[in-house]
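To start, the structure itself, in structure tokens.
Just so you know, all these numbers are worked out from the coordinates, no wet-lab data involved. The structure presented is a predicted model; accordingly, all values stated were derived computationally and were not measured. Cβ coordinates were reconstructed from backbone atoms using ideal geometry, including for glycine residues, and neighbour counts include every protein chain displayed.
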Amino acid sequence: MRLLIALQASCILAAIASAGCDDGSGGRVDGGADAAIDAGDDGGADAGPDAGGADAGTDAGPDGGGDTDSCGAEVVEGDLEVVDAGILETLSGVTHIVGNVSVSGAGISDLAPFASLRCIDGDLVVTDCASLAHLDGLEGLAAIGGNLVVGWNAALFDADGLAGLGQVGGAIWVTSNPALGSIDLSALAAVGADVSITENPSLSSVDASSLPATGGDLEISYCDAISGVAGLGALGAVGGSLYLTADTTLLDLDGLAALEAVGADVFVEGNAALPTCEVDDLVSQLADFEGALCVEGNAADECPDTTDGCM
């Protein structure tokens, strides 16, 4: 699973980097500042697995009903590769990007120029920003039509700048941010594919308290500081598989009390502090569960008829 996530994220990055932009005369221009400012008509929006790209997001406004008027009038069309603060500044005041947005580079220390941004029709990828401590500047972002990827940002302390994000048409991947302590997705009401939060060893809080379902898998794995999943209290259904693995301080699953359906498999493994009884209680509340069940390497307890192993 971890390898798959890395490969999928790499595919997004490669697709965005190589897409280029239509120069308005049928030709292509490479990424960089010129592409950021002069990006043209076709948007190059096929990047990203499953639901990625502008085709998935063009019909999705912040209200979830296809009304893009609420995205604002300052529109940029085409894929943008933001690799330094100078390019970022050219996007100040933009409200709607019809394409993919890739933000990366050691020179990116804040996202304040995105303060007016309401909608991205394709993917938003924020990776390898060594100086970026917060996602402040994205508070107004309400809708992403494709995928959201936040990964490999060494100094990222919180993702609370995503608190206004209401819908993601594709998947959400938050991975390999060693200092990341909290993720605020409290306004998130719809996600079209997977939600994968992995390898964030300092992460102690995930708030997705408005999310009723995931379109694909839900994974919270290798997050050594997380003790509970209280921020998932509204979650009633997981469209794919549920993975809770190697979260070494996870103590309970009380936050999943509303979960009634998992579309595929359940893997709860290697959580050294999690009583196996907690997993049994979770599985017992699932209606018509027919997928594979793997429960191994969790805390020993005195729960009778405890599940242990894969079946």
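Taking 0.36 nm per residue of sequence separation and subtracting the Cα-Cα distance, how much length would be gained by fully extending the chain between Ala154 and Thr90, in nm to one decimal?
Details: separation 64, 0.36 × 64 = 23.04 nm, distance 2.52 nm.
Here the answer is 20.5 nm.
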* Hey, how many Å between the Cα centroid of the stretch 205-262 and the Cα centroid of the stretch 275-295? -> 13 Å
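If packing is taken as the mean number of other Cβ atoms within 10 Å per residue, what is the order of 89-99, 289-299, highest first? Present the calculation step by step, with values, prior to reporting the outcome.
Numbers: 89-99: 19.1, 289-299: 16.4.
The peptides rank, most packed first, as 89-99, 289-299.
Can you bin the stretch 97-253 into rounded, prolate or oblate? Criterion: square roots of the alpha carbon gyration tensor eigenvalues sorted a ≥ b ≥ c, rounded for a/c under 1.5, prolate for a/b above b/c, oblate for the rest.
On the way: a/c = 1.80, a/b = 1.22, b/c = 1.48.
Oblate, because a/c is 1.5 or more while a/b does not exceed b/c.
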* Structure fact -> Looks like the stretch 178-311, by Cα gyration tensor root eigenvalues a ≥ b ≥ c and the a/c under 1.5 rounded cutoff (else prolate when a/b is bigger than b/c, oblate otherwise), is oblate
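Run the numbers for Ser131 and Asp281: contour at 0.36 nm per residue of separation, minus the present Cα-Cα distance, in nm.
Numbers: separation 150, 0.36 × 150 = 54.00 nm, distance 4.28 nm.
Full extension from Ser131 to Asp281 adds 49.7 nm.
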* Structure fact -> In the neighbourhood of Leu185 defined by beta carbon distances under 11 Å, the net charge of the other residues (Lys, Arg +1; Asp, Glu -1) is -3
